[in-house]
1. So in the range 56-87, with the set limited to residues that are surrounded by fewer than 17 Cβ atoms within 10 Å (Cβ to Cβ) and touching a Leu at 6+ places or on another chain (Cβ under 9 Å), which one is farthest from MET39 (Cα to Cα)?
2. Scan the range 65-97 residue by residue and report those that are of a type in the set (Ser, Thr, Tyr) and over 20 Å from ASP4 (Cβ atoms).
3. Do you know which residues across the range 3-34 are polar (S, T, N, Q), out of contact with any Gly (no Cβ under 9 Å at 6 or more places or on another chain) and touching a residue at least 40 places away in the same chain (Cβ under 8 Å)?
4. Within the range 75-87, can one find any residue that is without any contact (Cβ under 8 Å) to a residue 12 or more places away in the chain and on the phi > 0 side of the Ramachandran plot?
5. What are the residue pairs meeting all of these: first residue in the range 44-64, first residue farther than 12 Å from MET1 by Cα, second residue buried (at least 16 other Cβ atoms within 10 Å of the Cβ) and hydroxyl-bearing (Ser, Thr, Tyr), Cβ atoms under 8 Å, and 6 or more apart or on different chains?
6. If a residue has to be of a type in the set (Ser, Thr, Tyr) and part of a helix (DSSP H, G or I) to count, how many in the range 34-44 make the cut?
7. Looking at the range 10-33, which of its residues are of a type in the set (Phe, Trp, Tyr) and either at pLDDT below 95 or part of a strand (DSSP E or B) (or both)?
8. Just to be sure I understand, how many residues within the range 3-46 are under 9 Å from the mean Cα position of the chain (by Cα), among the polar types (S, T, N, Q) and closer than 16 Å to GLU103 by Cβ?
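The values are calculated or read from the model by the stated rules, or taken from the named source; none is laboratory data. Not measured: the values here are computed from a predicted model. Cβ placement follows ideal geometry from the backbone for every residue including glycine, while neighbour counts extend to all protein chains displayed.
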Amino acid sequence: MQTDASDKVWSAVLKTDLNEICGYHSGTFSQTEENYNTMEKEILAIIRGIKKWRLFLLPKPFKVLTDNKAATTFVKQVLDNGPHMRKLHRWQTFLSQFNAVYEHISGNNNFLADYLT
């Protein structure tokens, strides 16, 4: 799955191991979400893609390709327990139930998801 986020829009593209496109999913951020930092927007794009294709992704390992390096390490980060971190803790908990490998790709190679944003 490839994902991308811009200031106002997010996208996800599901592909097979043979690089065949299975589906596209995209949308706009809410006014509140538009205030998120870049990493949070990228993580939200990943979460929305996974939620869309959850039934296909749960049974087996899969790759998440993103052009945001911070998003590739988010699931394994140790977060503090402050009240401002609750959203990020919820996101980590959700993502931890999937057998995903997060990989960074250059923006030039993320053209499918980038095209939708």
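1. Residue satisfying both the conditions and the ranking: PHE56.
2. THR93, SER96
3. Once the filter is applied, which keeps residues that are polar (S, T, N, Q), out of contact with any Gly (no Cβ under 9 Å at 6 or more places or on another chain) and touching a residue at least 40 places away in the same chain (Cβ under 8 Å), the range 3-34 yields SER6, SER26.
4. Within the range 75-87, not a single residue is without any contact (Cβ under 8 Å) to a residue 12 or more places away in the chain and on the phi > 0 side of the Ramachandran plot.
5. Pairs found: LEU44/TYR36.
6. The qualifying residues number 1.
7. Those that are of a type in the set (Phe, Trp, Tyr) and either at pLDDT below 95 or part of a strand (DSSP E or B) (or both): TRP10, TYR24.
8. Residues flagged as under 9 Å from the mean Cα position of the chain (by Cα), among the polar types (S, T, N, Q) and closer than 16 Å to GLU103 by Cβ within the range 3-46 amount to 1.
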